[in-house]
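Structure, as structure tokens:
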Amino acid sequence: MTHIQDEIQAITEELPEGTRLVAVSKYHPSEAIREAYEVGQRVFGESHVQELQQKHAELPEDIEWHFIGHLQTNKVKYLAPYVSLIHAVDSERLLAEINRQAIKCNRRIRVLLQLHVALEETKYGLTTDECWQMLEQGHWRDMAGVEICGIMCMASNVDDEERIASDFERAHSFFLRARETFFAHQPSFCECSWGMSDDYPIALRHGSTLVRIGSRIFGQRVY
Ligand SMILES: *Cc1c(COP(=O)(O)O)cnc(C)c1O
């Protein structure tokens with residue numbers, strides 16, 4: 001067993017029923033992914049389109065590729081034929097483009113809406129108000145090529161565990177309200193994507209169903 005394989009197994013054993021591991025393989029070579037694949041890992045997260053294109057071409061067909069990074073609208077077309085879940089949809093414009101490209105490929109692409117709940121300023125992610133408004137306006141209901149399956153967020157990049165827990169809790173309570181209000185008849189709205197190498201144990205206590213773990217498995221990334 002290699003280090004990667006040990007970590008995959010240790011994390012998978014820790015996960016509660018109903019929670020899945022997204023092994024975040026960005027900046028790591030295809031050989032590292034193969035090692036994880038050999039112990040049964042099938043879900044991998046990447047955040048750069050070109051890198052994902054290359055890995056998708058090289059690696060087994062039954063891998064579920066999750067795109068977890070910021071996605072530019074002009075790149076959606078490259079992923080549309082095969083991507084399994086897009087985690088970080090943060091505008092209606094992006095959602096509409098995913099819809100357009102999915103229809104071209106005869107697919108329905110699963111997506112999550114990214115909430116900005118962290119302390120740090122960033123241009124990515126919707127505020128809870130913006131996200132609620134988008135759901136209320138309802139244009140997504142006419143988009144046959146996308147299926148909104150839940151919420152994604154990143155917690156504040158701090159050591160304060162209470163702050164991290166409260167970020168996840170805000171996202172979780174938003175998820176519950178949205179599910180009740182807009183998705184009561186759509187059981188596929190069920191995913192909460194939060195928790196990374198340093199904070200996933202907290203995420204698991206606050207409703208996470210998808211943990212996105214990179215460095216703990218694959219080691220530090222060399223950029
Ligand atoms: C890189 C990345 C991760 C994984 O981070 P680690 O700290 O290496 O576990 C998770 N989510 C997103 C959106 C990322 O870009």
Extreme residue, positive dipole direction of the stretch 3-218, given options 139, 181, 113 (C-beta unit charges):
139
Length released on extending from residue 9 to residue 188, taking residue separation times 0.36 nm less the Cα-Cα span
61.7 nm
What is the fewest-to-most order of 30, 193 by other Cβ atoms lying within 10 Å of their Cβ?
30, 193
Multiplying the sequence separation of residue 53 and residue 169 by 0.36 nm and subtracting their Cα-Cα distance, what value in nm do you get?
38.3 nm
Identify, among 52, 208, 96, the residue whose Cα sits farthest towards the positive end of the charge dipole of the stretch 3-218, taking +1 on the Cβ of Lys and Arg and -1 on the Cβ of Asp and Glu, with the dipole about the Cα centre.
96
Quick one: if you stick a label point 7 Å off each Cα along the C-beta vector at residue 156 and residue 61, how many nm between them?
4.8
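Check each of the trypsin sites (Lys or Arg not before Pro) in the stretch 1-56 and keep only those in coil by DSSP with at most 15 other C-beta atoms within 10 angstrom; list them in order.
42
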Cα-only Rg/Rh for the stretch 15-161 with Kirkwood Rh rounds to 0.97
Which is the longest part of the chain that has none of the GluC sites (Glu not before Pro) sitting in a DSSP loop with at most 12 other Cβ atoms within 10 Å?
122-223
Quick one: dipole size for the stretch 3-218, taken about the Cα centre, charges +1 on Lys/Arg Cβ and -1 on Asp/Glu Cβ, in debye to the nearest 20.
1020
For a footprinting-style exposure proxy, rank 152, 134 by other Cβ within 10 Å, fewest first.
134, 152
Apply 1/(1 + (r/R0)^6) to the Cβ-Cβ distance of residue 73 and residue 198, taking R0 = 30 Å, and write down the FRET efficiency to the nearest 0.05.
0.45
Which of the listed residues, 73, 40, 9, is farthest toward the dipole's positive end in the stretch 1-84, when Lys, Arg count +1 and Asp, Glu count -1 at the beta-carbon?
73
Per-pair calculated FRET efficiency, R0 = 25 Å: residue 221 and residue 42 via Cβ, rounded to 0.05
0.70
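Please arrange 109, 63, 217 by how many other C-beta atoms lie within 10 Å of their C-beta, fewest to most.
Ascending number of Cβ neighbours within 10 Å: 63, 217, 109.
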Which of 68, 11, 98 moves most in a GNM of the chain, Cα contacts under 10 Å?
11
Stretched out fully, how many nm does the piece from residue 93 to residue 122 gain, at 0.36 nm a residue minus the Cα gap?
8.6 nm
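Read the figures in this text as sums done on the coordinates, not as results from a lab. No experiment lies behind these values; they were computed from the predicted model shown. Cβ atoms come from the backbone with ideal geometry, glycine included; neighbour counts cover every protein chain shown.
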